[in-house]
Ligand SMILES: Cc1ncc(COP(=O)(O)O)c(C=O)c1O
């Protein structure tokens, strides 16, 4: 059977490959500690689950939902943006719920990218930006995020032809995989660049609520004129530990949102309504779970940073996000090092090169691992170089 060239050329999804490797090890009875995937280990808060169960019992929620989501959900999203960022959104035209933000990120390229159009894509980055561009028939132009520039793009180094041909710029802060953050000044520059070159900015901000040491990330929508040039993807996945429920949103420019709504209405049939009611509860109910979760992640962050730096895997503590971006030891590339950790000590980390060429030389370590497994995993990582070196101090 012959598949389309589009599918033939599709690279395997990074995490599907990692999950396969973990499953193989587990099938052999080996114990594996995985720091690979950014999927919160902490359960969804009970009041959200309670609302979901209640809504699941109501017959009105057993039918096809509307693509644009419940008006009450759009209203709750708009109110959340107002409260959290001081951003005013029209719930009817500037808000669209998504089946997880990944779904919207994958489909937005169909709205903005024609054959051979350019999307400006960071390297390293969440892989879906480039893949959705390619699936829509376009070409990603990668711009580097380097440590020298605090993993922010140097817009001046993007060549003129790429800026001229670009239909879309992807940015993502707090950043996956580097853990870098951006301020309003940076977002204002992105708006200015979009105005100059007439492209759309898609900011992906699912980690805005996962932050440490009192730091509060800003939203792209707070930038002057953001709504004229772009949209922001957001998600309930990481804020409320709801990755499994699949619910997110896109907000901002009404024309872009209308285009995505039209595409989606031909592809999916909306988000199950019980999940929409759970999302309303999450957004409008008590928010104390957010600092509680962040305190747990922050403790893990500090422990992991200390141990990695102690054994020579240089890493800076991120101010936000669920990730630590650490340098691999000299003489290793990121895949060799990740493979070595898995084979020798049964620890899974993500090789940086999986996020793009510029990710070479790094691994990504996720904070979404239960405390006891963090300690076990760190002890094993310490023993990787020197089996005698057990982390007694941390046990
Ligand atoms: C940067 C980034 N964007 C989007 C997503 C997708 O999140 P979801 O589809 O669960 O909303 C992820 C998930 O890990 C991510 O890291």
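Every number here is computed from the coordinates shown, using simple stated rules; none is lab data. These numbers come from a predicted model, not from an experiment. Don't worry about glycine lacking a Cβ; one is built from the backbone with ideal geometry, like all the others, and counts go over all protein chains shown.
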Problem set entry | Distance-filtered residues of the stretch 165-197 - backbone nitrogen under 13 Å, label point 7 angstrom along residue 222 Cα→Cβ | 174, 182-188
Seminar exercise, completed: Contour minus Cα-Cα span, residue 183 to residue 340, at 0.36 nm per residue, comes to 52.8 nm
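From the alpha carbon gyration tensor of the chain, can you work out the equivalent ellipsoid semi-axes (sqrt of 5 times each eigenvalue) and give them in Å, largest to smallest?
Over the Cα atoms of the chain, the semi-axes work out to 33, 26, 21 Å.
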For this session: Going by C-beta contacts inside 10 Å, put 208, 132 in order with the fewest on the left.
Result: 208, 132
Exercise. By count of other Cβ within 10 Å, fewest leading, how are 197, 9 ordered?
Worked result: 9, 197
Seminar exercise, completed: Placing each pseudo-label 7 Å from Cα in the direction of the beta carbon, residue 192 and residue 53 end up separated by a distance in nanometres of 5.4 nm
Exercise. Among 96, 184, which comes first, then next, by fewest other beta-carbon atoms within 10 Å?
Worked result: 184, 96
Problem set entry | Among 131, 251, 263, residue whose mean-square fluctuation peaks in a GNM of the chain (springs only between Cα atoms under 10 Å) | 263
Seminar exercise, completed: Once normalised by the length of the chain, the mean sequence separation of its alpha carbon contacts under 8 Å that are 6 or more apart gives a contact order in percent of 23 percent
Exercise. Just 278, 55, 326 to compare: in a GNM of the chain, with alpha carbon springs under 10 Å, which one fluctuates most?
Worked result: 55
Exercise. Roughly speaking, what is the centre-to-centre gap between the stretch 133-149 and the stretch 337-376 when only Cα atoms are used, to the nearest Å?
Worked result: 23 Å
Problem set entry | Theoretical FRET efficiency, 1/(1+(r/R0)^6), r = Cβ-Cβ of residue 213 and residue 147, R0 22 Å, to 0.05 | 0.60
Exercise. Quick one: Cα centre-to-centre distance for the stretch 62-82 and the stretch 188-227, in angstrom?
Worked result: 23 Å
Seminar exercise, completed: Of 281, 209, 343, the most mobile residue in a GNM of the chain (C-alpha springs, cutoff 10 Å) is 343
Exercise. What is the calculated FRET efficiency for residue 60 to residue 116, with r their C-beta to C-beta distance and R₀ = 45 Å, to the nearest 0.05?
Worked result: 0.45
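I'd like the FRET efficiency for residue 290 and residue 262, computed as 1/(1 + (r/R0)^6) with the beta carbon distance as r and R0 of 35 Å, rounded to 0.05.
Working: r = 34 Å, r/R0 = 0.97.
Taking R0 as 35 Å, the efficiency between residue 290 and residue 262 is 0.55.
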Exercise. When DSSP beta bridges are limited to those with both residues in the stretch 46-284, what percentage is antiparallel, rounded to the nearest 5?
Worked result: 35 percent
For this session: Can you pull the one-decimal nm distance between simple spin-label points at residue 30 and residue 360, each 7 Å off the Cα toward Cβ?
Result: 2.6 nm
Exercise. In whole Å, what is the distance between the alpha-carbon centres of the stretch 252-322 and the stretch 1-56?
Worked result: 16 Å
Problem set entry | For the stretch 49-150, the Rg and Dmax computed from alpha carbons only, in angstrom | 18.1, 56
